[in-house]
1. Going by the conditions given, is Asp180 closer than 26 Å to Trp361 by Cα, touching a residue at least 60 places away in the same chain (Cβ under 8 Å), in contact with a Lys or Arg (Cβ under 7 Å, 6 or more places away or on another chain) and open to solvent by 20 Å² or more (accessible area, probe 1.4 Å)?
2. Consider region 468-485. How many of its residues are open to solvent by 10 Å² or more (accessible area, probe 1.4 Å) and either of a type in the set (Lys, Arg) or not in a helix (DSSP H, G or I) (or both)?
3. Under the condition of being open to solvent by 30 Å² or more (accessible area, probe 1.4 Å), assigned to a helix (DSSP H, G or I) and closer than 26 Å to Ser299 by Cβ, which residue from region 358-391 is modelled with the lowest pLDDT?
4. Collect the residues in region 211-229 that are under 30 Å from Thr529 (Cα atoms) and open to solvent by 10 Å² or more (accessible area, probe 1.4 Å), keeping them in residue-number order.
5. Kindly provide the set of residues from region 267-281 that are surrounded by fewer than 24 Cβ atoms within 10 Å (Cβ to Cβ) and under 17 Å from the mean Cα position of the chain (by Cα), ordered by number.
6. Can you find even one residue in region 296-307 that is under 30 Å from Ala138 (Cβ atoms), open to solvent by 10 Å² or more (accessible area, probe 1.4 Å), of a type in the set (Gly, Ala, Ser) and not in a loop (DSSP other than H, G, I, E, B)?
7. Just one of the numbered conditions (1) in contact with a Lys or Arg (Cβ under 8 Å, 6 or more places away or on another chain); (2) over 28 Å from Trp500 (Cβ atoms); (3) in a helix (DSSP H, G or I) is not true of Ala440; which one?
8. Mind counting the residues in region 392-427 that are open to solvent by 40 Å² or more (accessible area, probe 1.4 Å) and farther than 30 Å from Leu332 by Cα?
Amino acid sequence: MSADATAGTTANAATGAPADATAVEKPGDAGTRRGRWWTDPAKLGLAAALLLALGSYGAGATRYRGGVVEALGLGWITYGHGFALFEIFIWVGILGVLGAWLLAGRRLIWEDRRPALDRLRDLNRSLLWWLVPLSVSAPIFSRDIYSYLMQGAMMRDGFDPYTEGAAVNPGPMLLEVSADWRNTTTPYGPLHLGINEVITRIVGDGISVGVVLFRILCILGFLAIAWSVPRIALKLGGDPALAQWLGVLNPLVLLHLVAGLHNESIMVGLVSLALVAGLSMPRLRGAIVASLLVGVAVSLKATAVIALPFLVWIAVTRGGELPRWGDVFRRLPSLLGYGLGMSALMLGALTAVTWATGSTWGWLTEISGNTKVINPLAAPSAVAGVIAAIMAWIDDTVVFNSIVAVARTVSSVIMVVGLVVCWFVFRQDPRRSMAGMLAAYGVAVVFNAVALPWYYASLLTPIGTFRPPRWLVQGTVVATLILCMSFSGGGNNRFYDVPWMLVVTVAAWFALRWLVNGDVRRPVRWKGTLDDGPSSAPS
(Lines give C-alpha, C1' and ligand atoms only; values in the text may rest on other atoms or scores of the structure.)
Protein backbone atom coordinates (compact mmCIF):
# COMPACT_ATOMS: atom_id res chain seq x y z
CA MET A 1 0.00 0.00 0.00
CA SER A 2 1.36 3.44 -0.92
CA ALA A 3 2.08 6.18 1.63
CA ASP A 4 -0.83 8.23 0.24
CA ALA A 5 -3.22 5.31 0.59
CA THR A 6 -1.98 4.56 4.10
CA ALA A 7 -2.41 8.20 5.06
CA GLY A 8 -5.94 8.24 3.69
CA THR A 9 -6.90 5.09 5.59
CA THR A 10 -5.44 6.42 8.82
CA ALA A 11 -7.15 9.76 8.32
CA ASN A 12 -10.59 8.20 8.06
CA ALA A 13 -9.89 5.96 11.01
CA ALA A 14 -8.90 8.93 13.14
CA THR A 15 -12.41 10.35 12.89
CA GLY A 16 -14.24 7.06 13.10
CA ALA A 17 -15.64 7.53 9.58
CA PRO A 18 -16.09 4.72 7.05
CA ALA A 19 -13.59 4.54 4.23
CA ASP A 20 -16.08 5.67 1.59
CA ALA A 21 -16.93 8.83 3.51
CA THR A 22 -14.15 10.73 1.77
CA ALA A 23 -16.66 11.81 -0.85
CA VAL A 24 -18.81 13.70 1.64
CA GLU A 25 -16.74 16.89 1.47
CA LYS A 26 -14.89 18.41 -1.42
CA PRO A 27 -11.18 19.06 -1.00
CA GLY A 28 -10.64 22.29 0.89
CA ASP A 29 -14.15 22.45 2.36
CA ALA A 30 -12.97 22.01 5.96
CA GLY A 31 -10.21 24.59 5.70
CA THR A 32 -12.17 27.27 3.79
CA ARG A 33 -15.77 26.91 4.89
CA ARG A 34 -18.11 29.78 4.21
CA GLY A 35 -18.09 32.42 6.90
CA ARG A 36 -16.07 35.31 8.16
CA TRP A 37 -12.29 35.43 8.52
CA TRP A 38 -12.37 34.28 12.12
CA THR A 39 -13.89 30.98 11.02
CA ASP A 40 -10.74 30.18 9.02
CA PRO A 41 -7.98 28.82 11.32
CA ALA A 42 -5.23 30.20 9.08
CA LYS A 43 -6.63 33.74 9.05
CA LEU A 44 -7.62 33.75 12.72
CA GLY A 45 -4.17 32.53 13.71
CA LEU A 46 -2.54 35.12 11.44
CA ALA A 47 -4.49 37.96 13.08
CA ALA A 48 -3.65 36.62 16.55
CA ALA A 49 0.03 36.19 15.70
CA LEU A 50 0.16 39.75 14.34
CA LEU A 51 -1.34 41.06 17.57
CA LEU A 52 1.07 38.98 19.65
CA ALA A 53 4.06 40.18 17.60
CA LEU A 54 2.94 43.80 18.04
CA GLY A 55 2.50 43.33 21.78
CA SER A 56 5.95 41.77 22.12
CA TYR A 57 7.63 45.10 21.42
CA GLY A 58 6.00 46.69 24.45
CA ALA A 59 5.42 43.86 26.91
CA GLY A 60 7.67 41.05 25.71
CA ALA A 61 11.21 40.26 26.83
CA THR A 62 12.37 43.60 25.46
CA ARG A 63 15.80 45.10 25.93
CA TYR A 64 16.59 47.08 29.07
CA ARG A 65 18.59 49.60 27.06
CA GLY A 66 18.51 50.45 23.38
CA GLY A 67 16.84 48.34 20.76
CA VAL A 68 14.28 48.98 18.04
CA VAL A 69 11.64 50.48 20.32
CA GLU A 70 13.99 53.06 21.80
CA ALA A 71 15.48 53.87 18.40
CA LEU A 72 11.98 54.72 17.13
CA GLY A 73 11.30 56.93 20.14
CA LEU A 74 8.57 54.62 21.43
CA GLY A 75 10.02 53.83 24.83
CA TRP A 76 6.70 54.77 26.45
CA ILE A 77 5.14 51.49 25.33
CA THR A 78 7.46 49.53 27.65
CA TYR A 79 6.12 50.98 30.92
CA GLY A 80 2.99 52.40 32.51
CA HIS A 81 -0.20 52.53 30.47
CA GLY A 82 1.69 51.72 27.26
CA PHE A 83 3.00 48.51 28.77
CA ALA A 84 -0.49 47.58 30.03
CA LEU A 85 -1.97 48.08 26.55
CA PHE A 86 0.69 45.99 24.84
CA GLU A 87 0.38 43.29 27.48
CA ILE A 88 -3.32 43.09 26.60
CA PHE A 89 -2.28 42.65 22.96
CA ILE A 90 -0.12 39.68 24.00
CA TRP A 91 -2.83 37.97 26.05
CA VAL A 92 -5.45 38.48 23.32
CA GLY A 93 -2.92 37.19 20.79
CA ILE A 94 -2.27 34.06 22.85
CA LEU A 95 -6.01 33.44 23.17
CA GLY A 96 -6.40 33.93 19.43
CA VAL A 97 -3.62 31.48 18.55
CA LEU A 98 -5.11 28.90 20.95
CA GLY A 99 -8.54 29.44 19.42
CA ALA A 100 -7.17 29.04 15.90
CA TRP A 101 -5.39 25.84 16.94
CA LEU A 102 -8.56 24.39 18.46
CA LEU A 103 -10.55 25.41 15.39
CA ALA A 104 -8.02 23.72 13.11
CA GLY A 105 -8.20 20.59 15.26
CA ARG A 106 -11.99 20.52 15.26
CA ARG A 107 -12.19 21.05 11.51
CA LEU A 108 -9.28 19.00 10.24
CA ILE A 109 -8.84 16.26 12.85
CA TRP A 110 -12.24 15.54 14.41
CA GLU A 111 -14.61 16.51 11.55
CA ASP A 112 -12.76 16.34 8.22
CA ARG A 113 -13.03 13.04 6.35
CA ARG A 114 -10.58 13.70 3.56
CA PRO A 115 -7.29 11.80 3.18
CA ALA A 116 -4.57 12.78 5.63
CA LEU A 117 -2.33 14.44 3.05
CA ASP A 118 -5.12 16.82 2.02
CA ARG A 119 -5.71 17.78 5.65
CA LEU A 120 -1.97 18.07 6.20
CA ARG A 121 -1.80 20.56 3.33
CA ASP A 122 -4.40 22.77 5.03
CA LEU A 123 -2.56 22.52 8.34
CA ASN A 124 0.73 23.51 6.72
CA ARG A 125 -1.01 26.52 5.18
CA SER A 126 -2.08 27.62 8.64
CA LEU A 127 1.38 26.95 10.01
CA LEU A 128 3.05 29.22 7.47
CA TRP A 129 0.53 31.99 8.02
CA TRP A 130 1.08 31.88 11.78
CA LEU A 131 4.84 31.59 11.46
CA VAL A 132 5.43 34.79 9.50
CA PRO A 133 4.34 37.34 12.17
CA LEU A 134 6.04 35.39 14.97
CA SER A 135 9.26 35.44 12.95
CA VAL A 136 9.44 39.24 13.28
CA SER A 137 8.34 39.53 16.91
CA ALA A 138 10.58 40.75 19.69
CA PRO A 139 11.80 38.04 22.11
CA ILE A 140 8.87 36.90 24.20
CA PHE A 141 8.25 34.70 27.27
CA SER A 142 11.99 34.54 28.10
CA ARG A 143 15.20 36.60 28.15
CA ASP A 144 17.37 33.55 27.38
CA ILE A 145 18.42 34.89 23.98
CA TYR A 146 20.42 37.65 25.68
CA SER A 147 22.25 35.07 27.80
CA TYR A 148 22.97 33.03 24.66
CA LEU A 149 24.57 36.01 22.93
CA MET A 150 26.47 36.94 26.08
CA GLN A 151 27.95 33.44 26.28
CA GLY A 152 29.05 33.75 22.65
CA ALA A 153 30.65 37.12 23.44
CA MET A 154 32.50 35.51 26.34
CA MET A 155 33.98 32.90 23.99
CA ARG A 156 34.86 35.64 21.51
CA ASP A 157 36.63 37.64 24.21
CA GLY A 158 38.58 34.72 25.69
CA PHE A 159 36.45 33.81 28.71
CA ASP A 160 35.19 30.33 29.62
CA PRO A 161 31.39 30.20 30.14
CA TYR A 162 31.79 26.81 31.87
CA THR A 163 33.80 28.27 34.75
CA GLU A 164 32.84 31.96 34.74
CA GLY A 165 29.59 33.90 34.79
CA ALA A 166 28.65 36.66 32.36
CA ALA A 167 29.63 39.35 34.88
CA VAL A 168 33.34 38.83 34.05
CA ASN A 169 32.78 40.47 30.65
CA PRO A 170 31.12 43.89 31.17
CA GLY A 171 29.55 45.59 28.20
CA PRO A 172 26.25 46.27 26.44
CA MET A 173 25.31 42.59 26.28
CA LEU A 174 25.76 42.07 30.01
CA LEU A 175 23.16 44.76 30.68
CA GLU A 176 20.51 42.67 28.89
CA VAL A 177 21.22 39.43 30.79
CA SER A 178 18.76 38.69 33.58
CA ALA A 179 20.30 39.45 36.97
CA ASP A 180 19.68 35.83 38.01
CA TRP A 181 22.12 34.54 35.38
CA ARG A 182 24.94 37.10 35.46
CA ASN A 183 27.05 34.98 37.80
CA THR A 184 25.92 31.58 36.51
CA THR A 185 27.86 29.23 34.25
CA THR A 186 26.21 27.68 31.20
CA PRO A 187 24.98 24.05 30.96
CA TYR A 188 24.87 24.10 27.15
CA GLY A 189 27.22 22.20 24.88
CA PRO A 190 30.03 23.35 22.58
CA LEU A 191 27.81 23.82 19.51
CA HIS A 192 25.70 26.32 21.45
CA LEU A 193 28.81 28.31 22.32
CA GLY A 194 30.21 27.98 18.81
CA ILE A 195 27.03 29.26 17.15
CA ASN A 196 26.77 32.28 19.42
CA GLU A 197 30.49 33.03 19.17
CA VAL A 198 30.15 33.19 15.38
CA ILE A 199 27.11 35.46 15.69
CA THR A 200 28.85 37.85 18.07
CA ARG A 201 31.95 37.96 15.88
CA ILE A 202 29.69 39.03 13.01
CA VAL A 203 27.59 41.60 14.89
CA GLY A 204 30.02 42.72 17.60
CA ASP A 205 27.87 44.22 20.33
CA GLY A 206 24.91 44.68 17.95
CA ILE A 207 22.36 42.86 20.08
CA SER A 208 19.32 43.43 17.86
CA VAL A 209 21.09 42.04 14.78
CA GLY A 210 22.33 39.12 16.87
CA VAL A 211 18.74 38.35 17.88
CA VAL A 212 17.72 38.36 14.20
CA LEU A 213 20.51 35.95 13.22
CA PHE A 214 19.65 33.55 16.04
CA ARG A 215 15.96 33.80 15.08
CA ILE A 216 16.87 32.60 11.58
CA LEU A 217 18.51 29.50 13.08
CA CYS A 218 15.46 28.89 15.28
CA ILE A 219 13.18 29.07 12.24
CA LEU A 220 15.38 26.63 10.33
CA GLY A 221 15.25 24.24 13.28
CA PHE A 222 11.48 24.62 13.50
CA LEU A 223 11.07 23.98 9.76
CA ALA A 224 13.15 20.80 10.17
CA ILE A 225 10.65 19.70 12.84
CA ALA A 226 7.68 20.56 10.60
CA TRP A 227 9.21 18.60 7.71
CA SER A 228 10.10 15.59 9.84
CA VAL A 229 7.03 14.98 12.00
CA PRO A 230 4.56 13.95 9.22
CA ARG A 231 7.17 11.63 7.73
CA ILE A 232 7.77 9.99 11.11
CA ALA A 233 4.02 9.50 11.48
CA LEU A 234 3.71 7.86 8.05
CA LYS A 235 6.55 5.45 8.84
CA LEU A 236 4.88 4.48 12.14
CA GLY A 237 1.43 4.01 10.60
CA GLY A 238 0.07 7.14 12.27
CA ASP A 239 -1.97 10.06 10.99
CA PRO A 240 0.43 12.75 9.71
CA ALA A 241 -2.26 15.42 9.99
CA LEU A 242 -2.86 14.61 13.67
CA ALA A 243 0.91 14.54 14.27
CA GLN A 244 1.40 17.94 12.63
CA TRP A 245 -1.53 19.52 14.46
CA LEU A 246 -0.77 18.11 17.90
CA GLY A 247 3.02 18.50 17.82
CA VAL A 248 4.04 21.24 15.38
CA LEU A 249 1.12 23.66 15.24
CA ASN A 250 0.90 23.23 19.00
CA PRO A 251 0.99 26.83 20.33
CA LEU A 252 3.30 25.88 23.20
CA VAL A 253 5.87 24.67 20.67
CA LEU A 254 5.35 27.42 18.11
CA LEU A 255 5.35 30.32 20.56
CA HIS A 256 8.34 29.25 22.64
CA LEU A 257 10.61 27.84 19.92
CA VAL A 258 10.09 30.62 17.37
CA ALA A 259 8.88 33.69 19.28
CA GLY A 260 10.79 32.70 22.43
CA LEU A 261 14.09 32.04 20.59
CA HIS A 262 15.22 28.92 22.44
CA ASN A 263 18.01 26.63 21.33
CA GLU A 264 15.59 23.71 21.75
CA SER A 265 14.35 24.62 18.26
CA ILE A 266 17.69 23.64 16.72
CA MET A 267 18.23 20.66 19.03
CA VAL A 268 14.75 19.19 18.47
CA GLY A 269 15.09 19.84 14.74
CA LEU A 270 18.27 17.74 14.64
CA VAL A 271 16.71 14.92 16.68
CA SER A 272 13.64 14.97 14.43
CA LEU A 273 15.86 14.56 11.37
CA ALA A 274 17.65 11.72 13.17
CA LEU A 275 14.32 9.95 13.71
CA VAL A 276 13.43 10.31 10.02
CA ALA A 277 16.82 8.86 9.06
CA GLY A 278 16.50 5.99 11.54
CA LEU A 279 13.04 5.08 10.27
CA SER A 280 13.31 5.81 6.53
CA MET A 281 16.82 5.15 5.27
CA PRO A 282 18.25 1.66 4.76
CA ARG A 283 18.72 0.20 8.23
CA LEU A 284 22.50 0.45 8.65
CA ARG A 285 22.85 3.76 6.85
CA GLY A 286 19.92 5.18 8.78
CA ALA A 287 21.49 4.14 12.08
CA ILE A 288 24.77 5.84 11.12
CA VAL A 289 23.14 9.11 10.05
CA ALA A 290 20.82 9.14 13.06
CA SER A 291 23.75 8.63 15.45
CA LEU A 292 25.73 11.49 13.92
CA LEU A 293 22.74 13.84 14.04
CA VAL A 294 22.07 12.99 17.68
CA GLY A 295 25.74 13.63 18.44
CA VAL A 296 25.49 17.10 16.92
CA ALA A 297 22.24 17.71 18.83
CA VAL A 298 23.86 16.63 22.12
CA SER A 299 26.65 19.14 21.45
CA LEU A 300 23.94 21.77 21.62
CA LYS A 301 21.96 20.47 24.59
CA ALA A 302 22.57 17.26 26.53
CA THR A 303 18.93 16.11 26.70
CA ALA A 304 19.13 15.08 23.05
CA VAL A 305 21.01 11.96 24.20
CA ILE A 306 17.75 10.48 25.51
CA ALA A 307 16.75 9.71 21.91
CA LEU A 308 19.78 7.51 21.15
CA PRO A 309 18.88 4.33 23.12
CA PHE A 310 15.48 4.27 21.43
CA LEU A 311 17.04 4.79 18.02
CA VAL A 312 19.09 1.69 18.82
CA TRP A 313 15.86 -0.26 19.43
CA ILE A 314 14.44 1.14 16.18
CA ALA A 315 17.52 -0.04 14.24
CA VAL A 316 17.35 -3.50 15.81
CA THR A 317 13.57 -4.00 15.46
CA ARG A 318 13.53 -2.91 11.83
CA GLY A 319 15.14 -6.30 11.32
CA GLY A 320 12.39 -8.08 13.25
CA GLU A 321 10.15 -7.32 16.23
CA LEU A 322 11.08 -8.24 19.81
CA PRO A 323 7.79 -9.10 21.56
CA ARG A 324 9.44 -11.37 24.19
CA TRP A 325 12.65 -11.21 26.15
CA GLY A 326 13.70 -14.48 24.55
CA ASP A 327 13.72 -12.66 21.21
CA VAL A 328 15.94 -9.97 22.72
CA PHE A 329 18.50 -12.52 23.90
CA ARG A 330 18.50 -14.24 20.52
CA ARG A 331 19.19 -10.88 18.86
CA LEU A 332 21.76 -9.83 21.44
CA PRO A 333 24.66 -9.62 18.93
CA SER A 334 22.62 -7.22 16.81
CA LEU A 335 21.65 -5.17 19.87
CA LEU A 336 25.25 -4.92 21.06
CA GLY A 337 26.51 -4.11 17.60
CA TYR A 338 24.06 -1.31 16.99
CA GLY A 339 24.27 -0.07 20.57
CA LEU A 340 28.05 0.16 20.71
CA GLY A 341 28.42 1.37 17.13
CA MET A 342 25.79 4.10 17.41
CA SER A 343 27.17 5.26 20.76
CA ALA A 344 30.67 5.50 19.28
CA LEU A 345 29.39 7.49 16.30
CA MET A 346 27.48 9.86 18.56
CA LEU A 347 30.57 10.42 20.73
CA GLY A 348 32.64 10.92 17.60
CA ALA A 349 30.32 13.63 16.34
CA LEU A 350 30.29 15.27 19.77
CA THR A 351 34.08 15.20 19.94
CA ALA A 352 34.38 16.67 16.45
CA VAL A 353 32.07 19.57 17.31
CA THR A 354 33.94 20.21 20.56
CA TRP A 355 37.24 20.34 18.69
CA ALA A 356 35.87 22.48 15.83
CA THR A 357 34.41 25.09 18.19
CA GLY A 358 37.55 25.30 20.31
CA SER A 359 35.45 24.54 23.37
CA THR A 360 36.00 22.12 26.26
CA TRP A 361 34.12 19.33 28.01
CA GLY A 362 33.37 21.60 30.94
CA TRP A 363 29.65 21.59 30.19
CA LEU A 364 29.41 18.01 31.50
CA THR A 365 29.95 19.29 35.05
CA GLU A 366 27.46 22.14 34.59
CA ILE A 367 24.46 20.21 33.24
CA SER A 368 22.63 20.30 36.57
CA GLY A 369 23.93 23.72 37.56
CA ASN A 370 20.70 25.63 36.81
CA THR A 371 18.74 25.28 40.04
CA LYS A 372 17.53 28.85 40.57
CA VAL A 373 14.20 28.40 38.81
CA ILE A 374 11.36 27.36 41.11
CA ASN A 375 7.95 26.46 39.71
CA PRO A 376 5.56 23.50 40.00
CA LEU A 377 6.36 22.21 36.51
CA ALA A 378 9.27 20.34 38.12
CA ALA A 379 8.14 17.61 40.51
CA PRO A 380 10.75 18.34 43.22
CA SER A 381 9.73 22.01 43.38
CA ALA A 382 6.03 21.12 43.48
CA VAL A 383 6.52 18.51 46.22
CA ALA A 384 8.80 20.80 48.23
CA GLY A 385 6.25 23.60 48.01
CA VAL A 386 3.50 21.41 49.46
CA ILE A 387 5.72 20.03 52.24
CA ALA A 388 7.03 23.50 53.12
CA ALA A 389 3.48 24.85 53.40
CA ILE A 390 2.57 22.04 55.80
CA MET A 391 5.79 22.35 57.81
CA ALA A 392 5.21 26.07 58.28
CA TRP A 393 2.42 25.08 60.67
CA ILE A 394 4.50 22.44 62.47
CA ASP A 395 8.14 23.54 62.55
CA ASP A 396 9.12 26.82 60.90
CA THR A 397 12.82 25.95 61.10
CA VAL A 398 12.31 23.47 58.25
CA VAL A 399 12.45 25.84 55.29
CA PHE A 400 11.73 25.41 51.59
CA ASN A 401 15.38 25.49 50.45
CA SER A 402 16.35 22.54 52.64
CA ILE A 403 13.28 20.58 51.55
CA VAL A 404 13.78 21.20 47.83
CA ALA A 405 17.45 20.12 48.08
CA VAL A 406 16.37 16.71 49.38
CA ALA A 407 13.45 16.52 46.93
CA ARG A 408 15.78 17.16 43.99
CA THR A 409 18.15 14.40 45.08
CA VAL A 410 15.31 11.90 45.38
CA SER A 411 13.82 13.10 42.10
CA SER A 412 17.14 12.59 40.30
CA VAL A 413 17.20 8.95 41.41
CA ILE A 414 13.61 8.49 40.25
CA MET A 415 14.50 10.07 36.90
CA VAL A 416 17.43 7.72 36.27
CA VAL A 417 15.37 4.66 37.22
CA GLY A 418 12.49 5.89 35.06
CA LEU A 419 14.71 6.35 32.01
CA VAL A 420 16.10 2.82 32.35
CA VAL A 421 12.63 1.34 32.81
CA CYS A 422 11.34 3.17 29.71
CA TRP A 423 14.17 1.74 27.62
CA PHE A 424 13.56 -1.83 28.78
CA VAL A 425 9.77 -1.71 28.51
CA PHE A 426 9.35 0.04 25.13
CA ARG A 427 11.50 -2.20 22.95
CA GLN A 428 9.14 -4.32 20.83
CA ASP A 429 9.00 -2.42 17.52
CA PRO A 430 9.68 1.06 16.10
CA ARG A 431 6.25 2.36 17.11
CA ARG A 432 6.69 1.23 20.72
CA SER A 433 10.23 2.63 20.73
CA MET A 434 8.89 6.04 19.70
CA ALA A 435 6.34 5.86 22.52
CA GLY A 436 9.15 4.92 24.88
CA MET A 437 11.26 7.86 23.79
CA LEU A 438 8.39 10.21 24.57
CA ALA A 439 7.83 8.55 27.94
CA ALA A 440 11.53 8.97 28.70
CA TYR A 441 11.45 12.66 27.79
CA GLY A 442 8.38 13.04 30.00
CA VAL A 443 10.24 11.46 32.91
CA ALA A 444 13.26 13.69 32.28
CA VAL A 445 11.21 16.89 32.22
CA VAL A 446 8.96 16.15 35.19
CA PHE A 447 11.66 14.83 37.52
CA ASN A 448 14.37 17.27 36.50
CA ALA A 449 15.47 19.87 39.07
CA VAL A 450 14.12 22.62 36.81
CA ALA A 451 11.37 22.62 34.17
CA LEU A 452 10.18 25.39 31.86
CA PRO A 453 7.55 25.29 29.08
CA TRP A 454 10.00 25.01 26.20
CA TYR A 455 11.57 21.94 27.81
CA TYR A 456 8.45 20.08 26.67
CA ALA A 457 9.32 20.58 22.99
CA SER A 458 11.21 17.28 22.81
CA LEU A 459 8.14 15.54 24.22
CA LEU A 460 5.44 17.42 22.31
CA THR A 461 6.73 17.56 18.75
CA PRO A 462 6.49 13.79 17.97
CA ILE A 463 3.65 13.01 20.40
CA GLY A 464 1.08 12.48 17.66
CA THR A 465 3.21 10.31 15.39
CA PHE A 466 2.62 6.81 16.77
CA ARG A 467 -1.21 6.56 16.96
CA PRO A 468 -1.32 7.82 20.56
CA PRO A 469 -4.19 6.77 22.83
CA ARG A 470 -7.14 9.11 23.22
CA TRP A 471 -6.20 10.08 26.79
CA LEU A 472 -2.76 11.21 25.66
CA VAL A 473 -4.07 13.35 22.81
CA GLN A 474 -6.73 14.99 24.95
CA GLY A 475 -4.43 15.38 27.94
CA THR A 476 -1.88 17.09 25.69
CA VAL A 477 -4.53 19.55 24.54
CA VAL A 478 -5.54 20.47 28.09
CA ALA A 479 -1.92 20.81 29.23
CA THR A 480 -1.11 22.99 26.22
CA LEU A 481 -3.99 25.34 26.91
CA ILE A 482 -3.09 25.68 30.60
CA LEU A 483 0.64 26.19 30.05
CA CYS A 484 0.16 28.75 27.29
CA MET A 485 -2.01 30.83 29.61
CA SER A 486 0.40 30.52 32.54
CA PHE A 487 3.26 32.75 31.33
CA SER A 488 3.19 36.46 30.58
CA GLY A 489 5.04 38.04 27.68
CA GLY A 490 7.97 38.99 29.89
CA GLY A 491 8.38 35.40 31.11
CA ASN A 492 6.80 35.59 34.58
CA ASN A 493 4.59 32.64 35.49
CA ARG A 494 1.15 32.79 37.10
CA PHE A 495 1.15 29.36 38.72
CA TYR A 496 0.75 30.86 42.18
CA ASP A 497 -2.18 33.08 41.16
CA VAL A 498 -4.84 30.59 42.29
CA PRO A 499 -7.97 32.34 40.88
CA TRP A 500 -6.26 32.76 37.50
CA MET A 501 -5.18 29.12 37.34
CA LEU A 502 -8.65 27.91 38.36
CA VAL A 503 -10.30 29.93 35.61
CA VAL A 504 -7.72 28.81 33.03
CA THR A 505 -8.10 25.13 34.02
CA VAL A 506 -11.91 25.20 33.86
CA ALA A 507 -11.80 27.02 30.52
CA ALA A 508 -9.33 24.44 29.16
CA TRP A 509 -11.66 21.63 30.21
CA PHE A 510 -14.64 23.10 28.38
CA ALA A 511 -12.47 23.93 25.37
CA LEU A 512 -11.54 20.24 25.17
CA ARG A 513 -15.22 19.29 25.23
CA TRP A 514 -15.89 21.62 22.32
CA LEU A 515 -12.87 20.30 20.41
CA VAL A 516 -13.85 16.64 20.56
CA ASN A 517 -17.66 16.98 20.55
CA GLY A 518 -18.48 20.38 19.10
CA ASP A 519 -20.54 20.88 22.26
CA VAL A 520 -19.24 21.98 25.68
CA ARG A 521 -22.11 20.19 27.47
CA ARG A 522 -21.13 16.68 26.43
CA PRO A 523 -18.43 14.77 28.36
CA VAL A 524 -15.49 13.22 26.53
CA ARG A 525 -14.21 9.68 26.34
CA TRP A 526 -10.71 8.98 27.62
CA LYS A 527 -10.30 5.30 26.74
CA GLY A 528 -9.29 3.84 23.41
CA THR A 529 -7.85 5.73 20.45
CA LEU A 530 -9.22 8.31 18.04
CA ASP A 531 -9.91 5.61 15.47
CA ASP A 532 -12.33 3.52 17.55
CA GLY A 533 -15.52 5.52 17.37
CA PRO A 534 -17.14 8.71 18.68
CA SER A 535 -15.21 10.92 21.08
CA SER A 536 -18.04 11.69 23.48
CA ALA A 537 -18.81 9.60 26.54
CA PRO A 538 -22.27 8.12 27.00
CA SER A 539 -24.66 10.61 28.55
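The values are calculated or read from the model by the stated rules, or taken from the named source; none is laboratory data. What you see is a predicted model, and the numbers here were worked out from it, not measured in a lab. Ideal geometry is used to build each Cβ from the backbone, glycine not excepted, and the neighbour counts take in all protein chains shown. Only protein heavy atoms, including side chains, enter the accessible area calculation; ligands, DNA and RNA are left aside. Shrake-Rupley method; radii C 1.70, N 1.55, O 1.52, S 1.80 Å.
1. Working: closer than 26 Å to Trp361 by Cα: yes; touching a residue at least 60 places away in the same chain (Cβ under 8 Å): yes; in contact with a Lys or Arg (Cβ under 7 Å, 6 or more places away or on another chain): yes; open to solvent by 20 Å² or more (accessible area, probe 1.4 Å): yes.
Considered against the rule, which asks whether it is closer than 26 Å to Trp361 by Cα, touching a residue at least 60 places away in the same chain (Cβ under 8 Å), in contact with a Lys or Arg (Cβ under 7 Å, 6 or more places away or on another chain) and open to solvent by 20 Å² or more (accessible area, probe 1.4 Å), Asp180 comes out as yes.
2. So the count comes out to 2.
3. Residue satisfying both the conditions and the ranking: Thr365.
4. Here is the first cut: in region 211-229, the residues under 30 Å from Thr529 (Cα atoms) are 222-229.
Result: Leu223, Ala224, Ala226, Trp227.
5. Leu273
6. Yes, there is a match, as at least one residue in region 296-307 is under 30 Å from Ala138 (Cβ atoms), open to solvent by 10 Å² or more (accessible area, probe 1.4 Å), of a type in the set (Gly, Ala, Ser) and not in a loop (DSSP other than H, G, I, E, B).
7. Only one criterion in (1) in contact with a Lys or Arg (Cβ under 8 Å, 6 or more places away or on another chain); (2) over 28 Å from Trp500 (Cβ atoms); (3) in a helix (DSSP H, G or I) is unmet by Ala440, namely (1).
8. Counting residues in region 392-427 that are open to solvent by 40 Å² or more (accessible area, probe 1.4 Å) and farther than 30 Å from Leu332 by Cα gives 15.
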